[in-house]
Amino acid sequence: NAGVMQNPRHLVRRRGQEARLRCSPMKGHSHVYWYRQLPEEGLKFMVYLQKENIIDESGMPKERFSAEFPKEGPSILRIQQVVRGDSAAYFCASSPVTSALGDTQYFGPGTRLTVL
Amino acid sequence: GNSVTQMEGPVTLSEEAFLTINCTYTATGYPSLFWYVQYPGEGLQLLLKATKADDKGSNKGFEATYRKETTSFHLEKGSVQVSDSAVYFCALQRNQGGSEKLVFGKGTKLTVNP
């Protein structure tokens, strides 16, 4: 059973470009979470999605960031007009359909975004 | 709001030493508590968890007990190995409006020397 997959693993963008980060959850999982890890910091929640629905986006910056989880295909975290402060590791996690409290979230390897 | 405070690192130990990493939390209600481990260049892996007061989570020689009276979930291991060198994150989870997002501490970097 493949784990959570993220691609690309490393992404370099120049200021003002767009970054698209992809996450394929574990088989059978329909809940996806995105977290951001700044250097020397813990992970901060960004957004929680189920198929075709955003459930909680309380951690998303108000501008330039968006996320989707379509009926078919991976979840996408999109950052428009990137700035140097967006440089971080972005992790995706998935959990099974029950998603009860205490359900484990399984993390992908992350995408490390560098903005030049 | 919900928050997690971990002891600051880095922590450096010799092989076979005893490990404690302190973790305390602030939350309303009854959160679930987790320890995740991150090896260099990798994502987070669940190490152990506890979902109610007095529960003890354990895995690979690591243990942590959910103490509601002290709002703590300290991680312990009796004899560390070089392979335990990693960053350890304490986290809590509460259901808020249907969202089970995790709230993480800043992480504690552990280095174990031979």
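For the stretch B:99-114 and the stretch A:46-116, compute the distance between their C-alpha centroids and round to whole Å. Here the two parts' Cα centres lie 20 Å apart. Go ahead and collect, in residue order, the members of the stretch B:27-46 whose backbone nitrogen is under 20 Å from a label point 7 Å along the Cα-Cβ direction of B:Leu13. Residues B:34-40, B:45-46 qualify, since their backbone N sits under 20 Å from the label point. B:Glu15's amide H: which non-local residues (gap 5+, or another chain) put their own amide H closer than 5 Å, with H modeled 1.01 Å from N in plane and none for Pro or chain starts? Excluding prolines and chain starts, which carry no amide H, the hits are B:Asn113.
Checking the Cα-Cα distances for A:Lys51/B:Lys109; A:Lys27/B:Lys60; A:Lys27/B:Lys77; A:Lys62/B:Lys109; B:Lys60/B:Lys106 against a 30 Å cut-off, the pairs over it are A:Lys51/B:Lys109; A:Lys27/B:Lys77; A:Lys62/B:Lys109.
Relative contact order for the stretch B:1-57: 28 percent, from Cα pairs under 8 Å spaced at least 6 residues apart, divided by residue count. Beta bridges assigned by DSSP with both partners in chain B are antiparallel in approximately 90 percent of cases.
Report the charge-dipole magnitude of the stretch B:1-77 in Debye, nearest 20, computed about the Cα centre from +1 at each Lys and Arg Cβ and -1 at each Asp and Glu Cβ.
For this selection, approximately 280 debye.
Summarising the label geometry, the points placed 7 Å from Cα in the beta-carbon direction at B:Thr20 and A:Ser58 lie 3.3 nm from one another.
Describe numerically, in nm with one decimal, the distance between label points set 7 Å from Cα along Cα→Cβ at A:Val12 and at B:Asp55. Result: 4.5 nm between the two label points. Given 37 °C and 0.692 mPa s, how large is the Stokes-Einstein diffusion coefficient of chain A in µm²/s, with Rh as the Kirkwood radius over Cα pairs? The estimated diffusion coefficient comes to 232 µm²/s. Loop-located GluC sites (Glu not before Pro) in the stretch B:23-114 (DSSP state other than H, G, I, E, B) with a sparse environment of at most 16 neighbouring Cβ atoms within 10 Å: B:Glu42, B:Glu69. Sequence-ordered 3J(HN,Hα) estimates for the stretch B:47-57 from the Karplus curve with 6.51, -1.76 and 1.60 and θ = phi - 60° stand at 9, 6, 8, 8, 10, 8, 4, 6, 5, 10, x Hz, glycine and proline given as x.
Across chain A, the mean sequence separation of Cα contacts (distance under 8 Å, 6 or more residues apart), normalised by length, yields a relative contact order of 37 percent. Across the stretch B:71-114, the volume of the C-alpha convex hull divided among the residues equals 87 Å³ per residue.
When both bridge partners sit in the protein assembly as shown, DSSP labels roughly 90% of those beta bridges antiparallel. Each Lys or Arg adds one and each Asp or Glu subtracts one; over the other residues with Cβ under 13 Å from the Cβ of B:Gly57, this totals +2. Per residue, the convex hull around the alpha carbon atoms of the protein assembly as shown comes to 125 Å³.
The local environment of A:Gly110, defined by Cβ-Cβ distances under 11 Å, has a net charge of +2 under the rule Lys, Arg +1 and Asp, Glu -1.
Relative to the 2.2 N^0.38 Å rule of thumb, the stretch B:4-89 has a C-alpha radius of gyration ratio of 1.07.
Every number in this text was worked out from the coordinates using simple rules, so none of it is lab data. Just so it is clear, the structure is predicted and the values come from calculations on it, not from any experiment. Positions of Cβ are generated from backbone atoms using ideal geometry, with glycine treated the same way; all protein chains shown enter the neighbour counts.
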